[in-house]
Amino acid sequence: MYLDSFYQRQQQQLHITPEQGSRFAKEIAGDFNPLHDAHSKRFCVPGDLLFSLLLSTQGLAQQMQVKYTGMVGKETPLFLPHSSAEIFELLDANQKSYLQVKRRGTISHDAQLIERFARAYVAFSGLSFPDLLVPLMEKHSVMINPERPMVVYDSMEFDLAHTTLVEPQLELSHHQLEVNGKRGLVTLEFTISDQNQPIGKGCKRMTLGGLRDYNPQQMQQLVDLYQQSKKNYAKVA
């Protein structure tokens, strides 16, 4: 499985090191959010890795709603649910919740099918910054703190006509930013197709923290730093 090098599993317990989380973000999602840097004091496990692991271990359902309720930091073992319930959570040893899942409909456990869908979703999800977020922030005359950029997962959901997927693809259909003081909520709506036929739709939501007035120079510096991080990693890899 393509996820094997990004976590360790001991029965129902998952362990994800900062190095593994950071590699997944950069190599699979193309996501260079500094929150996913292995040496960051604020490191958190990428939400797309948690989602991919849940699909791999619990199956892909026709309708799924995923709510991110906490940031998984360093040295935080997680416990997989024991049942195939429609509603379940991803918890740590202290019963703290990091992810809440609601699902309905047919559930597939086909490993290859699940990998194809997970890769398609993660590839779409990783395009958020700077391509989509920067124009939205400029439109609303706000921006994240360039010194402590805070962009975190809030939730995602999707609805499929069926789970017999062959070549799933996701395409952005609508995106918007709602600003509330120093916080913002970004919604990315997408359509899901398979072999050029529409089979579903969904959306991803992210929270932006520490918003301030938009500054073109500072925003460009942040984008340049992000792009340089990608180039530097590509050279090392």
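Sorting the segments 224-234, 118-128 by their mean number of nearby beta carbons within 10 angstrom, highest to lowest, gives 118-128, 224-234.
Any idea what angle helix 111-125 forms with the longest principal axis of the chain, computed on alpha-carbon atoms, 0 to 90 degrees, nearest 10? It is inclined by approximately 20 degrees. 3J(HN,Hα) along segment 157-170: 7, 7, 9, 10, 6, 6, 10, 8, 7, 10, 9, x, 9, 10 Hz, from the Karplus curve 6.51 cos²θ - 1.76 cosθ + 1.60 with θ = phi - 60°, whole Hz, x for Gly and Pro.
Let me have the relative contact order for segment 4-236, percent, based on Cα pairs under 8 Å that are six or more residues apart. Mind showing how you got there, number by number?
Details: 435 pairs, mean separation 41.3, N = 233.
The normalised contact order for segment 4-236 reaches 18 percent.
Grouping the Cα pair distances of segment 141-237 into 5 Å bins from zero gives a pair-distance distribution of 3, 12, 16, 15, 14, 15, 13, 9, 4, 0 percent in increasing distance order.
Which value at 222 nm does the chain reach when only helices count, each DSSP H run of 4 or more adding -39,500 (n - 2.57), with the total divided by all residues and rounded to the nearest 500 deg cm²/dmol?
So the helix-based figure for the chain works out to -8000 deg cm²/dmol.
Comparing Cα centroids, segment 153-182 and segment 1-57 end up 20 angstrom apart. Can you give me the angle between helix 216-236 and the longest principal axis of the chain, using Cα atoms only, in degrees from 0 to 90, rounded to the nearest 10? The angle comes out near 50 degrees. Rounded to the nearest 10 degrees, the inclination of helix 47-58 to the longest alpha-carbon principal axis of the chain is 0 degrees.
Every number here is computed from the coordinates shown, using simple stated rules; none is lab data. Note that the structure is predicted; figures quoted are calculated from it, not measured. Ideal geometry is used to build each Cβ from the backbone, glycine not excepted, and the neighbour counts take in all protein chains shown.
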